[in-house]
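The values are calculated or read from the model by the stated rules, or taken from the named source; none is laboratory data. Small disclaimer: the values here were computed from a predicted structure and weren't measured. Glycine also receives a Cβ, built like all others from the backbone with ideal geometry; neighbour counts cover every protein chain displayed.
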Amino acid sequence: MRTVTDPRRCTTTVLCMVLAWLFATPLLASMTGNVVLAPASVNASGIEVAPLATASQSNQIQGIATVLDPQPLLALAARLQGAHARLLAADAAAAAADAQAKRSRALYQHGENTSLRAMQAAIAKAASARAQRAVARADQIAVRSGARPQWGSVLAALASKGPQALSDYADGRASLLEVVLPNGTRMPTGKTIRLWRADGSVLTATLVGPSPRTDAVVQGPTFFYRAAAEGLRSGERLNALVPLDAAIHHGVAIPTAAVIWYAGQPWVYIETSRGHFQRRPLAQTRSAQNWFEASGFRAGEKVVVRGGELLLSQEMQPPPGAAKPAGDGDDG
């Protein structure tokens, strides 16, 4: 490879650069985070801007919500109800058998019309009834003890009231969700969270209680929430926005349409003056409708809501007169 040193070619290159500057090419200047376009180019490219509006929100964190199949919980409620019913029946049977054994013993001791064999049979029956009651009580304890590690104290207590206490889940009027938060997140303070689906629709869910389980991947704390069914399907995953405290932060709302991604980071372009655009990073705090920024932006500033990708491509172009990479010259 050889370097081109032809003086005539160098003169022609410089002249082309000067003419391009004088006749105002669409990209007049470009440097890191800044793009300048001629007014005519702004109009022709269809770039649109919108003023930033004020917004306020509490400290929030993003989580992942999964719609749970309610059948295991309903089956647990049925087992708990069955165990409770068997214990009640065993209690009644044991009480009746004990009373009968007591009467038989009293009659026999007073020499009345009861044989020794009848008294012994009554006592044996009472002992058997008490044993069955002990088995029923142990069965109920076992079912209850298995419910808490899987469903937590709140849902376990609800299930202990029987399937009728979970009729909304059984009938499809409500959905049960498990929300996992990043590892190290503290207990949410609010009772309500927002969820958004892949199609952009927004739902709200109400806190039921902590979940004793953890996500195999995130390894963070999990919580159960209840939401109106809204066509949710078992296994469906949704993004969740969970408030962490009651403190209110003030800032601006960034439209989702304005956000572009570059190098794994969300950015927006702000029009600082006519045709002058500045790229700014976003903190990754978002909701279903927009992104919230507490600093770095002012209400009323104009954000690019259409054409951000075009500005990024222009910004990434080398500035006029930049040396070509080695190897771009002619080979001889």
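Of the set (1) within 16 Å of Val67 (Cα to Cα); (2) in contact with a Ser or Thr (Cβ under 6 Å, 6 or more places away or on another chain), all apply to His250 but (1). As a summary of the residue check, Val49 satisfies the conditions (1) closer than 30 Å to Leu181 by Cα; (2) at pLDDT 90 or above; (3) of a type outside the set (Gly, Ala, Ser); (4) surrounded by 15 or more Cβ atoms within 10 Å (Cβ to Cβ) except for the one numbered (1).
If I ask for residues that are closer than 30 Å to Ala157 by Cα and either of a type in the set (A, V, I, L, M, F, W, C) or modelled with pLDDT under 80 (or both), which ones from segment 108-143 would you list? Correct list: Ala129, Ala131, Ala134, Val135, Ala136, Ala138, Gln140, Ile141, Ala142, Val143. Of all the listed residues (Ala263, Ala258, Ala205), the sole one being of a type in the set (A, V, I, L, M), in contact with a Phe, Trp or Tyr (Cβ under 6 Å, 6 or more places away or on another chain) and either modelled with pLDDT of 90 or more or not assigned by TED's automatic domain parsing to the domain that holds Val180 (or both) is Ala205.
When the residues of segment 290-304 are narrowed to those that are part of a strand (DSSP E or B) and modelled with pLDDT of 90 or more, which ends up surrounded by the fewest Cβ atoms within 10 Å (Cβ to Cβ)? Steps first, answer last, please.
Filtering segment 290-304 for residues part of a strand (DSSP E or B) gives 290-293, 302-304.
Going one step further and asking which of them are modelled with pLDDT of 90 or more, we end up with 302-304.
On the way: Lys302: 17, Val303: 24, Val304: 24.
The extreme case among them is Lys302.
Filtering segment 144-153 for residues that are at pLDDT 85 or above, in a helix (DSSP H, G or I), surrounded by 19 or more Cβ atoms within 10 Å (Cβ to Cβ) and not aromatic (Phe, Trp, Tyr) leaves a non-empty set.
Check Leu238, Leu176 and return the single one that is within 30 Å of Ala83 (Cβ to Cβ) and among the hydrophobic types (A, V, I, L, M, F, W, C).
Values: Leu238 fails: within 30 Å of Ala83 (Cβ to Cβ).
Of Leu238, Leu176, the one residue that is within 30 Å of Ala83 (Cβ to Cβ) and among the hydrophobic types (A, V, I, L, M, F, W, C) is Leu176.
Looking at Ala106, Ala78, Ala85, Ala96, just one residue is part of a helix (DSSP H, G or I), surrounded by 13 or more Cβ atoms within 10 Å (Cβ to Cβ) and over 53 Å from the mean Cα position of the chain (by Cα), and that residue is Ala96.
Taken over segment 194-226, the residue count meeting the criterion of being free of Cβ contacts under 8 Å to residues at least 60 places away in the same chain and aliphatic (A, V, I, L, M) is 6.
The residues of segment 109-129 that are loosely packed, with under 13 Cβ neighbours inside 10 Å and farther than 30 Å from Gln140 by Cβ, listed by number, are Gln109, His110, Gly111, Glu112, Asn113, Ser115, Leu116, Arg117.
Within the set Gly200, Gly220, the sole residue that is more than 16 Å from Thr66 (Cβ to Cβ) and assigned to a loop (DSSP other than H, G, I, E, B) turns out to be Gly200.
Scanning segment 255-274 for residues that are under 13 Å from Ile47 (Cα atoms) and surrounded by fewer than 17 Cβ atoms within 10 Å (Cβ to Cβ) yields a total of 2. Taking the criterion of being part of a strand (DSSP E or B) and either at pLDDT 90 or above or closer than 18 Å to Val154 by Cβ (or both), the residues of segment 59-75 that qualify are Ala65, Thr66, Val67.
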